[in-house]
1. Looking at A:Ser96, A:Ser87, which is the one that is without any contact (Cβ under 8 Å) to a residue 40 or more places away in the chain and polar (S, T, N, Q)?
2. Scan region A:169-180 residue by residue and report those that are free of Cβ contacts under 8 Å to residues at least 12 places away in the same chain and at the interface with another protein chain (Cβ under 9 Å from one of its Cβ atoms).
3. Do any strands (runs of 3 or more DSSP E) lying entirely in region B:170-271 carry at least 1 residues that are among the β-branched types (Val, Ile, Thr) and farther than 25 Å from B:Ile491 by Cβ, and which ones are they?
4. Out of A:Leu13, A:Leu23, A:Leu36, I need the residue that is without any contact (Cβ under 8 Å) to a residue 40 or more places away in the chain and in contact with a helix residue (DSSP H, G or I) (Cβ under 6 Å, 6 or more places away or on another chain). Which one?
5. Just wondering, is there one or more residues in region B:345-362 that are among the aromatic types (Phe, Trp, Tyr) and away from chain A (no Cβ under 14 Å)?
6. Take A:Glu183 and tell me if it is within 14 Å of chain B (Cβ to nearest Cβ), open to solvent by 30 Å² or more (accessible area, probe 1.4 Å) and assigned to a strand (DSSP E or B).
7. Is it the case, given these coordinates, that B:Val288 is in a strand (DSSP E or B) and either in contact (Cβ under 8 Å) with a residue 24 or more places away in the chain or within 14 Å of chain A (Cβ to nearest Cβ) (or both)?
Amino acid sequence: MKIAIIDYGAGNLKSVANALTSLGRSFEIVSRPDNLSAFDKVILPGVGAAGSAMEKLSTSGFAEILPKLKVPVLGICLGMQLFGQFSEEGNTPCLSIVPGKVKKFQTDLKVPHMGWNKVELVKESALTSGIPNNSFFYFVHSYYLEADQSCLIGRALYEISFPAIIQKDNFFATQFHPEKSGEWGRKILNNFVNL
Amino acid sequence: MIIIPAIDIIDGQCVRLVKGEFKSKKVYSLSPLAMAKKFEQDGAGRLHVVDLDAAKTGKPVNQELIIKLAKAVKIPVEVGGGIRDLKTAERYLQSGINRIVLGTAALTDSFLLIHLLEKFGSDKIIVAIETKQGKVATNGWQTTSNKNYLDFAKELKSLGISDILFTDVDKDGTLTEPNFEGVRNLIGLGFNVIASGGISNLESISKLKQLGADGAIVGKALYENKIALKDALAAAKSASNLTKRIIPCLDVKDGRVVKGVAFQNLQDAGDPVALAKKYSEAGADELVFLDIMASKENRQTLYEVVEKVAKEVFIPFTVGGGIKTVEDICSLLQLGADKVSINTSAVENPKLISKAATAFGQQCVVVAIDARKVGKIYKVFLKGGTQETELDAVVWAQKAESRGAGEILLTSMDKDGTKSGYDLELLRRVSEAVKIPVIASGGAGSLEDLRLAFTEGKADAALVASLFHYGQFTIRQVKEYLSTNNIPIRI
């Protein structure tokens, strides 16, 4: 099994890499899209801003190849948001893998939404197999992908209910950081690599 | 926002209709009274009772039963259905009914409405605006008028009505979603709006709260177990499931965790990785490592610790102490730290905050502030509290936020090490002044101190050192105490 972690200069790949290592998985950090099709699993991590992330994905050629992949792809945090069509953050057109727009939290609550929040599972998915409903996961974000209902697997409540886990065909994504969400987070990553 | 369970009565039984159609009647309980008591027991703060027989005929049918019901519970009860004359209205309001809901009468008998307003006041009267395709429906929704609901609302406003119960008949009992646009329009006219009809999930409840609705009436979704009342109440109340974080703080020196009072009499407290794992497994929400030597020689040792922790601990952790440059930050993040905490160097060089936020994202920049009360303000101190500045801690926190800080770690120097509780005033002042999360630090001596940091101090997280290190409490004990005292906590 070959797992690719896409390095597009946005964010800390180390924690995803460490989590995979602890699960006994090897991986490759990939910064060019040329042979992406040779991998069995692809992870798109990311913290940072949508604008610069999309710019890097576009100039490196990932933006064109990613939506066409047939193998399981996992987007994490900003990686999930980039799956959408458009982000309010810097008015950025995104990868259009999943129908929906990325919006900023409009709330009197603290932003970023930072910390452990409950995820209510609304639909079964191989990604969440064995995860109890309403388990806690670690979030850090100011924007969220208002994905089409048809893709919704799990949601969390922060004044509004927003998508926390989505799936469209072979594309999976979590708004939280599974690599930083303790045991249940590791379970999600493990489910993904075992798909 | 308040969640109001609905009890609709036909022939003395508790029923639900679909879109107000009487022939769609489904009986859920033979005893509306038992139902009311159950809702009260489950935490409802108010009940909405409708005499459907009366709504249809215009004459009270289940009135005495409803009065009996209201007397059987302690929570306020509002009643609607067939209140079309003074006598019926008076009977209710003088028999312990908290508020009456007027529908048809409000449209057809403005004389009665004005009279009731004069006699009982606007806080005793709710006008129900029930619409079918934007027109006002009456007589238990059996007929539709030609009046647009917003025109009707404007007339009500001029009469002095302040509370509206808004129902979209086409949504009621359908378990879809409420007519959000209608709710928004009525709030826009300045009414207190209670939404009703089609509320079938927690999402709708959150959205109504977000729109600024005063209340939401939930009927069928409760009877059909689509929503648990306690979940609805929770969603309406906090509208967030985000939990408060408990963060153990580990002081690191020469690659070991040390403990002591005010950095004196340091004792070895063990291997950082082993302790980090232990705390993580015990339920810590995050960890903070503080390099208390922060010397150049010690840096390499710290890096090794960070790298090891990152490989074995799968919760977020912050590293602080002696960070001066973007390169320092970059090194720590690349080794696997999730956040860095900067203190003195952020004050001396505020651009460091913005540079780090731009390069690595706002979420990984924690600005640590050490503050002490001097006169009426809290002043910022640097270099481990040894150097006083003229900076106001509240002003500095706001400035740090505008520079791109993702979080504030706020330590009260007056309280640190005293175990007399957090400085709640300092906490509250800073927490209310910024939109980013604030971590309380310094002074925790009891479980109650932690609770107060969240309730009075409005903190988002609490840093705990000696309370855990000396085994006074376990993380589990702290979390259970807070959870029992209604602080949202991850357990």
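The values are calculated or read from the model by the stated rules, or taken from the named source; none is laboratory data. Here the structure is a predicted model, which means the values were calculated and not measured. We place every Cβ from the backbone using ideal geometry, glycine too, and count neighbours over all the protein chains shown. Heads up: the accessible areas ignore ligands, DNA and RNA and are worked out on the full protein's heavy atoms, side chains in. Shrake-Rupley method; radii C 1.70, N 1.55, O 1.52, S 1.80 Å.
1. Numbers: A:Ser87 fails: without any contact (Cβ under 8 Å) to a residue 40 or more places away in the chain.
Going through A:Ser96, A:Ser87 in turn, just one is without any contact (Cβ under 8 Å) to a residue 40 or more places away in the chain and polar (S, T, N, Q): A:Ser96.
2. None; the set is empty.
3. B:192-196, B:215-218, B:245-253, B:256-261
4. A:Leu36
5. Step one: of region B:345-362, the residues among the aromatic types (Phe, Trp, Tyr) are B:360.
Filter once more, keeping what is away from chain A (no Cβ under 14 Å): none.
No; the residues of region B:345-362 include none that is among the aromatic types (Phe, Trp, Tyr) and away from chain A (no Cβ under 14 Å).
6. Values: within 14 Å of chain B (Cβ to nearest Cβ): yes; open to solvent by 30 Å² or more (accessible area, probe 1.4 Å): yes; assigned to a strand (DSSP E or B): no.
No, not satisfied.
7. On the way: in a strand (DSSP E or B): yes; either in contact (Cβ under 8 Å) with a residue 24 or more places away in the chain or within 14 Å of chain A (Cβ to nearest Cβ) (or both): yes.
The answer is yes for B:Val288.
A quick yes/no check of all residues on (1) of a type in the set (Ser, Thr, Tyr); (2) open to solvent by 10 Å² or more (accessible area, probe 1.4 Å); (3) away from chain A (no Cβ under 14 Å):
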{"residue": "B:Ser196", "(1), (2), (3)": "yes, yes, yes"}
{"residue": "B:Leu211", "(1), (2), (3)": "no, yes, no"}
{"residue": "B:Leu222", "(1), (2), (3)": "no, yes, yes"}
{"residue": "B:Asn225", "(1), (2), (3)": "no, yes, yes"}
{"residue": "B:Lys259", "(1), (2), (3)": "no, yes, yes"}
{"residue": "B:Gln267", "(1), (2), (3)": "no, yes, yes"}
{"residue": "B:Lys277", "(1), (2), (3)": "no, yes, no"}
